[in-house]
Amino acid sequence: MTTISEIEAPAAVGAAAPKRRFDLRKVRWWRVAVLGVLGVYFVVPLAASFWFTVYDSHTRTFSLSPYGQIFSAPGFGTSVRMTVEVALLTIVILYALLVPAMIAVHLRLPKLRPVLESLAMVPLVLSPVALVVGIQTVLGWGLNQNPGTPLFQLAVDLQNQNFPLILPIVYVLIALPFAYRSLEAGLRAVDLRTLVEASRGLGASWPVTIWRAVLPNLRTGLLSGAILTLALVFGEYTISSILQFLPFSVWIVQDGQGATSGQLAPAVSLLSLLLSWAVLFLVSFLGGRRAVGRTDRSSS
């Protein structure tokens, strides 16, 4: 008599599919050529920058001392701290405005989606120089008021050198298109209506629904938008320079102009670029693992 174990054994053996091996002969030559050109395009400038920072042409010696001088350079810690604080506040304000608006448009007002998208794309055609000139005019008008008035105090607080509140407000506008695209891709990947109806049907309030049901499913889009915003804030120079603030990007330029060897500024730029890439790869890895985990749980 056939037992259950004897019936299930062949099925279990057949379910274990053999692993596919990578065969270099099946890779088309044009793919290798394109990847090679892209690799050269990105690697050669980075390698040249690294060579410039470690090689002294006068003494013809190699040294990693510029990288050791980064953390002790005057103004480095202050500029990095200011930039990180501005970036975090920018991300908080951006998502506090964008997430509820996009959820409301997707659920209740789908006809306004093109309008919201058009408004989010406006900063792409807006000149940063024109924007900062207008901001300077408004801030100057506030400083011309009588001292002690609310408008005068607001203008002073917005231009505080330790933590300029005007920068997050401006960066929200600049980062709006990138955050919108990231969140839009995340919202299209989930069944938002079913998710919200299920949460509301179980008695959850709207804040709990957004916090416990919607945002966890938008984690990849939120992280992508946050990383893009963080990179934008760290790399933006024009607005902060014209407004005479000293964030990380402006500090790199000023330190490079005042340095004697000129190796410190490229070293800082190269290190910040590598750290940004590491964060991007980490976010992609975590997002990929989360997607694989959801697929495994749904298949099981």
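Figures for the structure shown
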{"item": "Relative packing of 209-217, 43-51, which averages over residues the other C-beta atoms within 10 Å, highest first", "result": "209-217, 43-51"}
{"item": "Protection proxy ranking, peptides 71-81, 56-66, average beta carbon neighbours within 10 Å, highest first", "result": "71-81, 56-66"}
{"item": "Residue-normalised accessible area of region 79-118, given per residue in Å² at a 1.4 Å probe", "result": "53 Å²"}
{"item": "Region 175-192 - phi-based ³J(HN,Hα) in whole Hz, Karplus 6.51/-1.76/1.60, Gly and Pro as x", "result": "7, 4, x, 5, 5, 5, 5, 5, 5, 5, 5, x, 5, 6, 7, 10, 8, 5"}
{"item": "Between region 199-269 and region 57-130, the Cα center-to-center distance that results, in Å", "result": "3 Å"}
{"item": "J(HN,Hα) series, region 84-94, from Karplus relation 6.51 cos²θ - 1.76 cosθ + 1.60, nearest Hz, glycine and proline x", "result": "5, 5, 5, 5, 5, 5, 4, 5, 5, 5, 4"}
{"item": "Cα gyration tensor shape of region 142-219, rounded if a/c is under 1.5, else prolate or oblate by comparing a/b with b/c", "result": "prolate"}
{"item": "Per-residue ³J(HN,Hα) for region 71-81, Karplus 6.51 cos²θ - 1.76 cosθ + 1.60, θ = phi - 60°, Hz, x for Gly and Pro", "result": "6, 9, 5, x, x, 5, x, 5, 5, 5, 4"}
{"item": "Two-site FRET efficiency, residue 42 against residue 282, from Cβ-Cβ distance with R₀ of 22 Å, rounded to 0.05", "result": "0.70"}
{"item": "Surface share of carbon and sulfur [accessible, 1.4 angstrom probe, percent] for region 34-170", "result": "72 percent"}
{"item": "Extension gain from residue 195 to residue 64, taking 0.36 nm per residue of separation minus the Cα-Cα distance", "result": "41.8 nm"}
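The values are calculated or read from the model by the stated rules, or taken from the named source; none is laboratory data. A quick note: this is a predicted structure, and the numbers were derived from the prediction, not measured. Positions of Cβ are backbone-derived with ideal geometry, glycine not excepted, and every protein chain shown enters the neighbour counts. With ligands, DNA and RNA removed, areas are computed over all heavy atoms of the protein, side chains included. Shrake-Rupley method; radii C 1.70, N 1.55, O 1.52, S 1.80 Å.
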